[in-house]
Amino acid sequence: MADTAKLILPDGQTLELPVVTGSEGEKAIDIGKLRSSTGYITMDPGLINTGACRSNITFLDGERGILRYRGIPIEQLAGKATFVEVCYLLIYGHLPDKNELSGFSTNLTTHALIHEDMRIFFENFSHTAHPMAILSAMVTSLSAYYTDGTGEANLEMLDLNATRLISKVRTIAAFSYKKSIGQPIIYPTDKLSYCANFLKMMFALPTEEYEIDQELVDIMNLLLILHADHEQNCSTATVRQVGSSDANLYASVAAGILALWGPLHGGANQQVIEMLEKIHADGGDVDKFIARVKDRNSGVRLMGFGHRVYKNFDPRATIIKKACDRVLNKSGKPDVLLDLAKQLEAHALADDYFIERKLYPNVDFYSGIIYRALGIPTNMFTVMFALGRLPGWIAQWKEMMEDPDKKISRPRQIYTGLGINPYVPRENR
Ligand code: CMC
C-alpha cells in the first residue's frame, strides 16, 4: 500500500495525504486536495519546503554535496564533456551519439548570427547599461524576429528555438561586450567550436590574427557545464512560472535572465569580486570584514557563501577552486584577490557563525576569479552564468510543457489587510 501522511486540523478534521517518493528516496506530501477538502492552504514563504514539480533532469543532495545531470555526476562531466554535449544531455535526456552531436553542433553553427537589424539595438543602449539589461532585452527581441512558434508556447518548434537561443545568446553576449568597450563586433566563425567561437567574438580584433588557446576553451567548457542546471533555483522556477501561462520560450528565458541578475542569485559572482576589491582597498583585513558580516546591524553578507540547498559543500565550488589554482599557476601571475578569497574561506570555515548556519563557499565564490583571469570584465560575469544556465532553463521549460498535468502556476495567499473599507470621495479626504 502506498504511504500516506495524516493531517489533523484544529477544527478536528483529519485528512490522509499521499506521500510521493522520488527515485533517490526523497519524500513529499502531496497536498493537491488540501484546500478543496478542508479549506486550508499551506504557508511557505520562499518555498523552502515546497516541491513545485516532479523532474527527471537534475538531482541535487545538499546534505551530501551531490549534483548530477540526468544521473551523471558533475565531477564526471566537468573536464571531460563539452558544453554542447551537456546542452544536449539536459534537453534530450541522454548523451548524444556521434550523429546526434554532429547534427546538434551543425544546427548551433547555422543559427549563430542574429538578424542584422538587431545590431542597431546595441547602438541605442546607454554605455552605462548593465550587460544583463541588454541581454534580457535582446532575448525578448529575438521573439520579435524569429516569430515562427513564438506566439505562444510551442513544443513543435522547441528544437529550432532551443538551438537558436543557445547559439544566439552567445553572439549577443559577445556583441554587448564589444559595444561596451567601443570595439567593432566580431562575427561568429563556422569552423570553430562553441566556446572557441565565443572567445574569438569576445577578444579578437579585425586588425589582428586571433589564436585560439585550447586551455581557455577547456576552462570555458568547464565553467559553463558547472552552471548548466541546478534544479528549481530562482531563475529556473521563474522560467517555469512564466512558461506555465504558455508564454513562449524566449519570453520565459528572458524572465529567467532577469531573476538570475539579482545579487542573491547569479549576480553574486560580480558581487564577490567587488567585495574582494573593497576588502583589498581597505587594507586586506579579513578579520575586520568577517566581524562586519557577523554584525547583524551591518547588513553585510559574505557574498559567494551560503546556499538554500547545499548545507555541506557545493561540489561546483570545489571543482572551480581547483581550476582557479590551475589557471593562475599557469599564468604565473599571482592574484591578490585569490589569496584574499582563500583567507576569507579559511576564516569563515573555522568560525562558529558560519559553522552553525552551515554556510560554505558556493559556485560564485571562485568563478569570478577565473573569469577575471580569462579577461572577462566584472559586469559580464552574470552574463557568463546566464550562458551556462541556458540549457537548464530550456530543458526545464520543455519538461513542464510535456507534462500532461501542467497547470498555470498561481499561488494562494493569506490576506492580512483591512476588512471592508468604504471609499471616501476625494473632496472629503
Ligand atoms: N553571509 C552571512 N550570513 C549569511 C549568509 C552570507 N552569505 N548567507 C546566509 N547567512 C545567514 C543569514 O543571515 C541567516 O542567519 P540568521 O539565521 O541568524 O538570521 C542564516 O544564515 C540563513 O540565511 P538565509 O538568508 O535565511 O538562507 P537562504 O537559504 O534563504 O539564502 C542565500 C540562501 C544563497 C540567498 C544566502 O546564503 C546568501 O544571501 N548568500 C550570499 C549571496 C550568494 O552568494 N548567492 C549565490 C547563491 S549560489 C548560486 C546561485 O544560486 O545563484
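Numerical summary
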item	result
Residue selected from the range 340-363 under the condition open to solvent by 10 Å² or more (accessible area, probe 1.4 Å), near the ligand (Cβ under 9 Å from one of its atoms) and within 16 Å of Asp314 (Cα to Cα), by the criterion nearest to the chain's Cα centre (by Cα)	Asn362
Residue ID - farthest from the ligand (Cβ to nearest atom), chosen from residues in the range 250-284 that are over 15 Å from the mean Cα position of the chain (by Cα) and assigned to a loop (DSSP other than H, G, I, E, B)	Gly283
Within the range 299-314, tally of residues that are more than 6 Å from the ligand (Cβ to nearest atom) and not acidic (Asp, Glu)	7
Leading residue by the ranking (nearest to Gly388 (Cα to Cα)) among those in the range 161-214 that are among the aromatic types (Phe, Trp, Tyr) and assigned to a loop (DSSP other than H, G, I, E, B)	Tyr187
Failed item in (1) out of contact with any Pro (no Cβ under 8 Å at 6 or more places or on another chain); (2) more than 27 Å from Ser180 (Cα to Cα); (3) open to solvent by 10 Å² or more (accessible area, probe 1.4 Å), with Gly392 passing the rest	(3)
Count of the range 313-322 residues which are part of a loop (DSSP other than H, G, I, E, B) and open to solvent by less than 60 Å² (accessible area, probe 1.4 Å)	1
Output for the range 246-297, where each listed residue is under 26 Å from Val336 (Cβ atoms) and among the aliphatic types (A, V, I, L, M)	Ala268, Val272, Ile273, Met275, Leu276, Ile279, Ala281, Val286, Ile290, Ala291, Val293
Of all residues in the range 294-312 being in contact (Cβ under 8 Å) with a residue 40 or more places away in the chain, out of contact with any Gly (no Cβ under 6 Å at 6 or more places or on another chain) and under 30 Å from Asp229 (Cβ atoms), the one that is surrounded by the fewest Cβ atoms within 10 Å (Cβ to Cβ)	Arg308
Any hit, the range 38-61, residues being loosely packed, with under 11 Cβ neighbours inside 10 Å, assigned to a helix (DSSP H, G or I) and out of contact with any Asp or Glu (no Cβ under 9 Å at 6 or more places or on another chain)	yes
First in the range 258-274 and closer than 11 Å to Val383 by Cα, second anywhere and open to solvent by 70 Å² or more (accessible area, probe 1.4 Å) and more than 10 Å from the ligand (Cβ to nearest atom), Cβ under 9 Å, 6 or more apart	Gly267/Trp261
Test for Ile369: is it crowded, with 17+ Cβ neighbours inside 10 Å and either within 30 Å of Leu89 (Cβ to Cβ) or touching a residue at least 60 places away in the same chain (Cβ under 8 Å) (or both)	yes
Flag if Asp190 is open to solvent by 70 Å² or more (accessible area, probe 1.4 Å), touching a residue at least 60 places away in the same chain (Cβ under 8 Å) and of a type outside the set (Ser, Thr, Tyr)	yes
Residue in the range 242-249 that is open to solvent by 10 Å² or more (accessible area, probe 1.4 Å) and within 16 Å of the ligand (Cβ to nearest atom) present	no
Residues within the range 69-100 that are over 21 Å from the mean Cα position of the chain (by Cα) and either at pLDDT below 95 or open to solvent by less than 50 Å² (accessible area, probe 1.4 Å) (or both), tallied	2
The range 213-231, residues that are open to solvent by 10 Å² or more (accessible area, probe 1.4 Å) and over 16 Å from the mean Cα position of the chain (by Cα)	Asp213, Gln214, Glu215, Leu216, Asp218, Ile219
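The values are calculated or read from the model by the stated rules, or taken from the named source; none is laboratory data. Since the model is a prediction, treat every value here as computed from it, not as a measurement. Glycine also receives a Cβ, built like all others from the backbone with ideal geometry; neighbour counts cover every protein chain displayed. SASA here: full protein model, heavy atoms, side chains in, ligands and nucleic acids out. Shrake-Rupley method; radii C 1.70, N 1.55, O 1.52, S 1.80 Å.
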